[in-house]
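Input: a single structure, listed below in structure tokens.
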Amino acid sequence: MSTEQMINLLFTATIETLVMVGIAAAIACLLGMPTGILLHVTKTHGILENKKLNTALSIIVNIGRSVPFIILLVAIIPFTRFVVGSSIGTGAMIVPLTVASIPFIARLIEGALLDVPAGLVEAAQTMGATPLQIIMKVLIPEAMPGIINSITITLVTLVNYSAMAGTVGGGGLGDVGIQHGYIGFNPTIILITVILLVIIVQIIQSIGERLVSKVDHR
């Protein structure tokens with residue numbers, strides 16, 4: 001493989017990794033954040049206390065979090081084929097990445113909301129705020145540093161998962177590292193793949209930390 005071919009291969013794989021992680025993270029945030037908020041507000045003494053709903057959600061989230069990603073990847077292949085018509089490639093890997101990250105980010109968001117002082121919620125209730133107003137104007141704004149940190153952790157985890165997906169032809173840098181580096185006996189590609197993954201994680205972490213410092217006024 002010439003140097004130019006290697007550069008093109010790695011560039012394409014990097015874009016595929018960013019696309020997989022970006023789309024999966026966006027969908028996971030749309031579904032996982034409301035789930036995390038619901039877990040928080042329906043717990044005992046929550047503003048919308050509902051023990052049955054909270055228990056059901058907790059069980060579902062715990063089941064989702066307890067399955068190792070590589071097992072989940074294989075187990076939901078029929079569902080992946082149903083959704084995108086294939087079980088390999090960049091598009092197909094977005095499905096298991098999303099399914100794996102929804103319960104993950106839900107728990108992180110729930111944890112971030114726990115950091116909001118109970119006194120602020122009680123004060124809002126005293127002033128007659130509705131549950132929706134408390135969520136939108138008290139819980140989410142006060143927990144924003146933790147929420148951004150949770151999204152950052154999810155993005156970094158998705159980068160790791162996307163590399164793991166390369167073992168089953170998932171596309172992206174993981175696939176290049178396995179197919180062209182490990183199976184193709186090319187240690188240079190493995191090394192460059194690892195370096196690129198580290199750089200992506202470092203960029204995500206740095207952006208996340210800067211955003212957290214901007215919204216954290218404590």
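The values are calculated or read from the model by the stated rules, or taken from the named source; none is laboratory data. Just so it is clear, the structure is predicted and the values come from calculations on it, not from any experiment. In this analysis, Cβ positions are derived from the backbone assuming ideal geometry, glycine residues included, and neighbour counts consider all displayed protein chains. Quick note on the areas: whole protein, heavy atoms, side chains included, nothing else; ligands and nucleic acids left out. Shrake-Rupley method; radii C 1.70, N 1.55, O 1.52, S 1.80 Å.
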Just the residues that are part of a helix (DSSP H, G or I) and open to solvent by 30 Å² or more (accessible area, probe 1.4 Å), please, taken from segment 75-89.
ALA75, ILE77, PRO78, PHE79, ARG81, PHE82, VAL83, VAL84
Filter segment 1-11 for residues that are open to solvent by 70 Å² or more (accessible area, probe 1.4 Å) and assigned to a helix (DSSP H, G or I); which is modelled with the highest pLDDT?
PHE11
Scan segment 189-205 residue by residue and report those that are touching a residue at least 24 places away in the same chain (Cβ under 8 Å) and polar (S, T, N, Q).
THR193, GLN205
Flagged in segment 156-215 as open to solvent by less than 30 Å² (accessible area, probe 1.4 Å) and outside any helix (DSSP H, G or I), in numbering order, are GLY169, GLY170, GLY171
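Do you know which residues across segment 128-145 are small (Gly, Ala, Ser) and buried (at least 20 other Cβ atoms within 10 Å of the Cβ)?
Within segment 128-145, ALA143 is the sole residue that qualifies.
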Among the residues of segment 61-74, is any open to solvent by less than 40 Å² (accessible area, probe 1.4 Å), out of contact with any Cys (no Cβ under 6 Å at 6 or more places or on another chain) and in a loop (DSSP other than H, G, I, E, B)?
no
Among the residues that make up segment 90-110, is at least one of them loosely packed, with under 15 Cβ neighbours inside 10 Å and either at negative phi or not hydrophobic (A, V, I, L, M, F, W, C) (or both)?
no
Need pairs with beta-carbon distance below 6 Å; first residue free of Cβ contacts under 8 Å to residues at least 24 places away in the same chain and within segment 98-124, second of a type outside the set (S, T, N, Q) and assigned to a helix (DSSP H, G or I); sequence gap 6+ or separate chains.
LEU120/VAL138; ALA124/ILE134; ALA124/VAL138
